[in-house]
Amino acid sequence: MDYIAMRRALHQIPELGFEEVKTQKMLLETIDSMPQDRLTVETWRTGIFVFVQGENPEKTIGYRTDIDGLPLEEKTGYEFASVHKGRMHACGHDFHMTIALGALEKMTETPPQNNVLFLFQPAEEGPGGAQPMLEAEPMKKWRPDEIFALHVAPELPARTLSVKPGLLFANTSELFIDFKGKGGHAAYPHKTKDMTVAASYFVTQIQEIVARRVDPLESAVVTIGKIEAGTVQNIIAETARLEGTLRTTSGTVMTEVKEELEKIARGMEIANDCSVEIDYGSNYYQVYNDETLTSTFTALMDELEYDWREADRAMTGEDFGYMLKEIPGFMFWLGVDSEAGLHQATLKPKEEALEYGIAVVTDTLYRL
Ligand SMILES: CC(=O)N[C@@H](CCC[C@H](N)C(=O)O)C(=O)O
């Protein structure tokens, strides 16, 4: 397989969670072009399971890749930029998929001793595909004994990786807040309940949660990524909507942050004579790396002379956390050396990381 061509083809067709129809088709066509004697392929919604029969299996090892893109207009200037307007692979899932395909191809050329289950999982960016995929029939039939995954890291040099035992990624919760007041003429503010003003106060007031409510020895993030209110410059907005995300390194702090948000919302309702409704959308469980398997992995990386370093905890989220909650395993960062970071319209991961990633995953599948 030409890994670079594969990555570029996938890069051109980013699709949002559970809409990955073209992506699934391209993945299936590529998998179909590989020798089939050890493979069993089953689709699940827009995702795919591929079971590889091992030569002499003692266990089944799972390897998971996410397959969805983000709602973002690409600004890389690539000649192979996204052909889907307002959609971009800005979180490296084009890399993740290519690495999974590359590792799968190696398994068809040189069979593994153990069984391997590849999971091509939809909707990592939202609303979350890992949790429902765990309940899917193929997962029951081929349930892995261990599982691992990777995520690209723009801040690390290409041809390096990083990992740590224990907590790697945060608990997350999406945040959607709807304000409803009374609109009207811009010249008569006293006859309205202005939701632009209420939502603006709310955005600044919730900054106090991390600064003044959360124990400083804990970590939390409250981010509003989108504000929407009003229709035109001379009409006072009747409604406003905020969209954001919460991140914490403990489940208890997540509950506390949500309680504080509710209190501020109730205060806003009284102060502004309006209603404020909070919806927490999808929530992801923290990514917690199994200590034993992580040290088996790092020992293997040492033995094979891969360049790895100890990772820091990150406030990113990953629904792979749900898989790790049920199946022992780990996630690691793969360096891709891009000036622009994850979720940026100019993210440009270095393609030399593809072959390196495939080698790391393949060796781990053969040796774990
Ligand atoms: C690795 C990464 O960037 N993951 C996403 C996961 C999204 C979780 C959810 N949609 C949310 O925004 O809370 C991230 O934003 O960390």
Is at least one residue of the stretch 233-242 within 21 Å of Thr316 (Cα to Cα) and crowded, with 16+ Cβ neighbours inside 10 Å?
yes
How do the strands (runs of 3 or more DSSP E) wholly within the stretch 160-200 filter down when requiring 1 or more residues that are among the aromatic types (Phe, Trp, Tyr): which remain?
166-169, 171-180
Residue count, the stretch 79-104, condition within 22 Å of Ser282 (Cβ to Cβ) and within 16 Å of the ligand (Cβ to nearest atom), comes to 9
Can you name the strands (runs of 3 or more DSSP E) wholly within the stretch 232-296 that have at least 1 residues being away from the ligand (no atom under 16 Å from the Cβ), under 26 Å from Asn171 (Cβ atoms) and in contact (Cβ under 8 Å) with a residue 60 or more places away in the chain?
275-279
Of the numbered conditions (1) among the basic types (Lys, Arg); (2) away from the ligand (no atom under 16 Å from the Cβ); (3) in the same structural domain as Gly17 (by TED's automatic domain parsing), Arg212 fails exactly one; give the number of that condition.
(3)
Given the conditions (1) hydrophobic (A, V, I, L, M, F, W, C); (2) touching a strand residue (DSSP E or B) at 6+ places or on another chain (Cβ under 9 Å); (3) within 30 Å of Pro157 (Cβ to Cβ), and given that Ala299 satisfies all but one, which numbered condition is not satisfied?
(2)
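Just need a number here: residues in the stretch 251-276 that are polar (S, T, N, Q) and crowded, with 17+ Cβ neighbours inside 10 Å. Lay out the reasoning, then the answer.
Kept after step one, since they are polar (S, T, N, Q), are these residues of the stretch 251-276: 252, 255, 272, 275.
Narrowing the set further to residues that are crowded, with 17+ Cβ neighbours inside 10 Å leaves 272.
Total meeting the criteria: 1.
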Among residues belonging to the stretch 156-170 that are within 11 Å of the ligand (Cβ to nearest atom) and touching a Lys or Arg at 6+ places or on another chain (Cβ under 7 Å), point out the one that is farthest from Val222 (Cα to Cα).
Leu168
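Scan the stretch 105-155 residue by residue and report those that are among the polar types (S, T, N, Q) and either outside any strand (DSSP E or B) or within 16 Å of the ligand (Cβ to nearest atom) (or both). Spell out how you get there, then give the answer.
Filtering the stretch 105-155 for residues among the polar types (S, T, N, Q) gives 108, 110, 113-115, 121, 131.
Across the stretch 105-155, the qualifying residues are Thr108, Thr110, Gln113, Asn114, Gln121, Gln131.
The values are calculated or read from the model by the stated rules, or taken from the named source; none is laboratory data. This is a predicted model, so every value here is computed, not measured. Reconstructed Cβ throughout: ideal geometry from the backbone, glycine too, with neighbour counts over all protein chains shown.
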